[in-house]
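S.K.: I have a structure here, written as structure tokens, and I will follow up with some questions on it.
Just so you know, all these numbers are worked out from the coordinates, no wet-lab data involved. Every value quoted in this text rests on a predicted model; they were computed, and no experiment measured them. Here the Cβ positions follow ideal geometry from the backbone for every residue, glycine too, while neighbour counts run over all protein chains shown.
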Amino acid sequence: MNKTLLYFIIFLLAACNTTQRKTSEVYFGGEIVNPTSEYVVLYKGDIALDTAHLDENNRFSFKLDSVDDGLHHFYHFPEEQYVILEDGDSIQLRLNTVDFDESLVFSGSNEEANNFLLEMFLANEQEEELIYKYYDLEPESFRLKIDSLKNVKLEALNKLSTEADLSEGAMEIAKAGIMYTSYIFKEAYPFYHKRKKGEKSIHNLPPDFYDYRADIKYDDNGLSYYRPYYNFMKYHLGNLSYMDCKNGCETKIKMAKNQLHYNQHKLKLIDSLIKQNELRDNLFRNVAMDYLLKYDKEENIEVFIKEFHQLSGNNRHIHE
């Protein structure tokens, strides 16, 4: 083969690859064994982008002109799971609803990032019982255990990044899942430790126990609907509210017995810390639902609702 022809072939291959990378069209499909519903719904945040019906072979497909790069999720009653989608992606999945998460496998573009996210999800589920035992430990020992679990996952992610072509966005989502999951356990530690050890007050913590808080991003648009991030925010705001009142309020009423006072603290913290609309609305809604589903005096409920409307009057969930 002469050099001119060889260079021409290389040029054509490069041009084809460039075209493939630049296309914005997205394909997402797959097969569901033992389906529990006739359709699959694809979401970005709380917005349903499209619905795909299963065919006679229990296969579905979505074809989108483009997507808002980042975290999405798909729903097949009664289960849901995340999928990272970026412009130009072509992704297939296969799962069996008998073991929905355990059987789920992604293939195609971004398969490495999506399979990694799923592996971390399953690892976190498996570690729950172990971490619950760790809450018996003293603060420094507990932190070392949690950091060890976190570092193993970060090493796995770094190894994957050297073997696969992960986008910057996919890398950030995967890392955030690891980091914020470990932060959840540290936010929860003082309360679980107190309960498990039967102590009368919150255990003294090392001055640097919450140093990770300096790295918190309170308004990360891409993570607003990501469970590790959202659940962290709930634990974090609960912790801050408790400690803020414990150390600064003049009232002598025990906060555990004064749900109104405690939840007023939460509302004010959300108002001061969270500016991203979707996350802000969802956190306000979570506090309201949690409080209103618990028994309290009617006059207290009226006070809470009034303050809720003052701070979150335009909440998208206001009519719920």
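S.K.: In Å, what is the Rg of the alpha-carbon atoms in the range 245-313, and how long is Dmax?
M.R.: Answer for the range 245-313, Rg first and Dmax second: 12.1, 35 Å.
S.K.: Moving on to the next point. Among LYS153/LYS194; LYS246/LYS294; LYS175/LYS294; LYS246/LYS268; LYS196/LYS294; LYS63/LYS153, which pairs are too far apart, with a Cα-Cα distance over 26 Å?
M.R.: Listed pairs above 26 Å: LYS153/LYS194; LYS175/LYS294; LYS63/LYS153.
S.K.: How far, in nm, would the chain grow between ASP147 and LYS275 when pulled straight, counting 0.36 nm per residue and subtracting the alpha carbon separation? All intermediate terms of the calculation are to be shown ahead of the outcome.
M.R.: Values: separation 128, 0.36 × 128 = 46.08 nm, distance 2.95 nm.
Using 0.36 nm per residue and subtracting the Cα-Cα distance, I get 43.1 nm.
S.K.: Using a basic spin-label model with each label point 7 Å from the Cα along Cα→Cβ, how many nm lie between ASN57 and GLN310?
M.R.: 6.2
S.K.: When SER272, SER161, SER107 are ordered from fewest to most other Cβ atoms inside 10 Å of their Cβ, what list results?
M.R.: Least to most surrounded, the residues fall as SER272, SER107, SER161.
S.K.: Something else now. Beta carbons within 10 angstrom, averaged per residue: use that to sort the peptides 128-137, 198-207, highest first.
M.R.: Packing order, densest peptide first, comes out as 128-137, 198-207.
S.K.: For a protection proxy built on the mean count of beta-carbon atoms within 10 angstrom, sort 33-41, 187-195, 49-57 highest first, please.
M.R.: With the highest mean Cβ count within 10 Å placed first, the list reads 187-195, 33-41, 49-57.
S.K.: Could you size up the charge dipole of the range 76-179 around its Cα centre, putting +1 on the beta carbon of Lys and Arg and -1 on that of Asp and Glu, and report it in debye to the nearest 20? Before the final figure, lay out each step's value.
M.R.: Working: 8 positive and 24 negative charges, 54 e Å.
It works out to roughly 260 debye.
S.K.: Another question about this same structure. If one puts a single equal scatterer on every Cα of the chain and applies the Debye formula without solvent, what log₁₀ I(q)/I(0) results at q = 0.09, 0.12 Å⁻¹?
M.R.: The calculated log intensity ratios at q = 0.09, 0.12 Å⁻¹ are -0.60, -0.98.
S.K.: For every helix of n ≥ 4 consecutive DSSP H residues, a contribution of -39,500 (n - 2.57) applies; sum these over the chain, divide by its total residues, and give [θ] at 222 nm rounded to the nearest 500 deg cm²/dmol.
M.R.: Value at 222 nm, helices only: -18500 deg cm²/dmol.
S.K.: How large are Rg and Dmax for the range 110-215 when calculated on the C-alpha trace, in angstrom?
M.R.: 15.6, 52
S.K.: Let me ask another. In the range 22-108, what percentage of the DSSP-assigned beta bridges are antiparallel, given to the nearest 5?
M.R.: 80
S.K.: Ok, one more. Along its three principal axes, how long is the range 22-108 when you only count alpha carbons? Whole Å, largest extent first please.
M.R.: For the range 22-108, the Cα extents along the three principal axes come out at 37, 24, 22 Å.
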